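> Pasting a structure here, questions to come.
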Amino acid sequence: MEMIKGVPNKERFDEESRRIHASIARAGDTPLERKANANEFFRCCLHKWSEEDDDRLWAIHAELIVMRYHELKRHRDEGYSPPDLDCSQLDHEHVKWHQTNAVAERKGQLGTILEAASHLLMVHDWPVNCPRFMEALRLVGLDCVSQMRYLRMDHHLLTALVERWSPQTNSFHLTVGEMTITLQDVAMILGVNIDGPALVGHTVVGAGRRWLSWPDCCDDLLGSHPLADVVYRDPFDHRITSRFRMGQAHAQTCIPLRWLRWTFWRDSYLDLNDMDFWRHVRAYILFILGCHLLPDTSGSEIHLQYLTIMEDLAVFSTYSLGGAVLAHLYRELGEATRPSRANIAGCINLLQIWAWEHLHVGRPLLRVPFPVELDGLSVGFRWNEDRLRDLPVGNLTTYRDELDGLLDSQVIWQPYTPDIQAQVAQICLSGADIWTARVPLISWKRVEWPTAIWLMPTN
């Protein structure tokens, strides 16, 4: 016999029994009905309450709530609400489940505080001031990103947001309705291209292909690759040395981010010939992708698949880099909802700035009047740390309470006013036609769909 947890409280027993049977009646799902009936029989006849059966019941309950919630959304879209379906109760129930379930699964009063795998501080260590290099970044659409500086992560705020993320709809479920990060947010905050071909490539490394091996690809497009027997020195402090090797075992498909910075950073790029200059530009783009836009949980490497599509940087500049960033972040948010996960990857700076732009929760004050003069850059520029009057100091419990009590009047549904749009770089507005388009977002092997309702206040 399994460990007995105790007889359930009578009020909870009656309430959950009514809720489960009502859910089954609406869902009409035979497998779920069998599971729930078996569990009800176990509870009513044997009066035993094992921890495993408790978890199973809540899992079934969660599935049913999600099914009923999407049924409600469909009815809303069709313009009516079934008489036996209490819309306000369903909204409250769905939001409540997302909050309580995430909190319970992470165990403990505060739970696991997610660590953000963001390396924007490393980007700060590769300053770009050379006019020739800045013009090259403008041509490939990364000049705005290069001006974003280190931003201290508010891990407690990020954790509170992840607790309200639904991987099924790719949106945050809040008391005021559903909200999500859109292509407009990506364009306005980061200043990258969102309209164009998907960021995917072909298999070009291997026998009979463009390059025989990944080191060969590096040698061609970067001019070199990490050698395990070479001692490298930090260009900012020659006392610091290290050895680097290409990652992912024998396949050697990844390259260290620090090696890129140590090898390709220069005070000036004016004296380089064209071939070497564009190799340095490719190295910097790889560095930006791995540190800021598409970081993974490794925290130290970037996959060389992205280098293969940089052979012609004029073609690379046409890709929907913003779509790839958003697809990558959606997937990482979904992965972060797992109770076993202790960190979150993706463009976390985009997530944090998005929260500050739309919500009052955890938002720091600025040293200058809001909005900041953007000087032809992206909205993310105004949140650089040197422009903040104070840094986030909240905790998870406080943020949970603030999100639980969030009012519609405390949400900025459209933060990018005409006045702000008049100040940003042209690339921030170039994809305005697809800001609210429901199209697949693709980042190499990752494909994500945005929610059909981008911003959905409850009233």
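> What value in Å³ per residue do you get for the convex hull of the alpha-carbon atoms in segment 306-449? Spell out each step's value before the answer.
Working: hull volume 24.3 nm³, N = 144.
Considering the Cα atoms of segment 306-449, their hull volume per residue is 169 Å³.
> What percent do you get for the relative contact order of segment 182-232 when only Cα pairs under 8 Å and 6+ apart count?
Details: 21 pairs, mean separation 7.4, N = 51.
Result for segment 182-232 is 15 percent.
> Evaluate the charge dipole of segment 115-457 about its Cα centre and quote only its size in Debye, nearest 20, assuming +1 on the Cβ of each Lys and Arg and -1 on the Cβ of each Asp and Glu.
Numbers: 28 positive and 38 negative charges, 120 e Å.
With Lys and Arg at +1 and Asp and Glu at -1, about 580 debye.
> Averaging over all projection directions, find the projected area of the Cα convex hull of segment 229-270 and quote it in nm² with one decimal place. Numbers along the way, then the final one.
Numbers: hull surface 15.0 nm².
Answer in nm², one decimal: 3.7.
> Considering only the other residues whose Cβ falls under 11 Å of the Cβ of Pro167, what net charge follows from Lys and Arg at +1 and Asp and Glu at -1? Show your work: numbers first, answer last.
Numbers: positive: Arg331, Arg338; negative: Glu332, Glu335, Glu448.
Summing Lys/Arg as +1 and Asp/Glu as -1 gives -1.
> Counting only other residues whose beta carbon sits under 15 Å from that of Val205, what net charge do I get with K and R as +1, D and E as -1?
Numbers: positive: Arg209, Arg210; negative: Asp216, Asp219, Asp220, Glu311.
Value of the local net charge: -2.
> Convex hull over the alpha-carbon atoms of segment 283-325: what's its volume per residue in Å³?
Numbers: hull volume 2.9 nm³, N = 43.
Spelled out: Cα convex hull of segment 283-325, divided by residues, is 69 Å³.
> Sorted from largest down, what three extents in whole angstroms do the Cα atoms of segment 242-394 have along their principal axes?
The Cα atoms of segment 242-394 stretch 46, 44, 34 Å along the principal axes, largest first.
> When all alpha-carbon pairs of segment 163-275 are counted, what percent fall beyond 18 Å? Write down the numbers at each step before the final one.
Details: 4493 of 6328 pairs.
Tail fraction, whole percent: 71.
> What does the net charge come to around Arg282 if you take all other residues with beta carbon closer than 12 Å to its beta carbon, with K and R at +1 and D and E at -1?
Details: positive: Arg279; negative: Asp220, Asp276, Glu311, Asp312.
Taking every other residue near Arg282 into account, the sum is -3.
> Loop-only check: which trypsin sites (Lys or Arg not before Pro) in segment 279-361 are DSSP coil with at most 14 other Cβ within 10 angstrom? It would help to have the intermediate numbers written out before the result.
Working: sites: Arg279, Arg282, Arg331, Arg341; in loops: Arg341.
Here no loop site has a sparse enough neighbourhood.
> Can you divide the C-alpha Rg of segment 111-205 by 2.2 N^0.38 Å and report the result to two decimal places? Please report the intermediate quantities before stating the final value.
On the way: Rg = 17.3 Å, N = 95, 2.2 N^0.38 = 12.4 Å.
That ratio works out to 1.39.
> Which semi-axes, in whole Å and largest first, does the equivalent ellipsoid of segment 115-457 have when worked out from the alpha carbon gyration tensor as the square roots of 5 times its eigenvalues? Could the numbers behind the result be given before it?
Numbers: eigenvalues 225, 93, 84 Å².
Taking √(5λ) for each Cα gyration eigenvalue gives 34, 22, 21 Å.
> May I ask you to list the residues of segment 186-230 whose amide nitrogen lies under 19 Å from a point 7 Å from Cα along the Cα→beta-carbon direction of Trp449?
198
None of the figures in this text is laboratory data; all of them are computed from the coordinates on show. Computed from a predicted model, the values in this text were never measured in an experiment. So basically every Cβ, Gly included, is an ideal-geometry build from the backbone, and we count neighbours across all protein chains shown.
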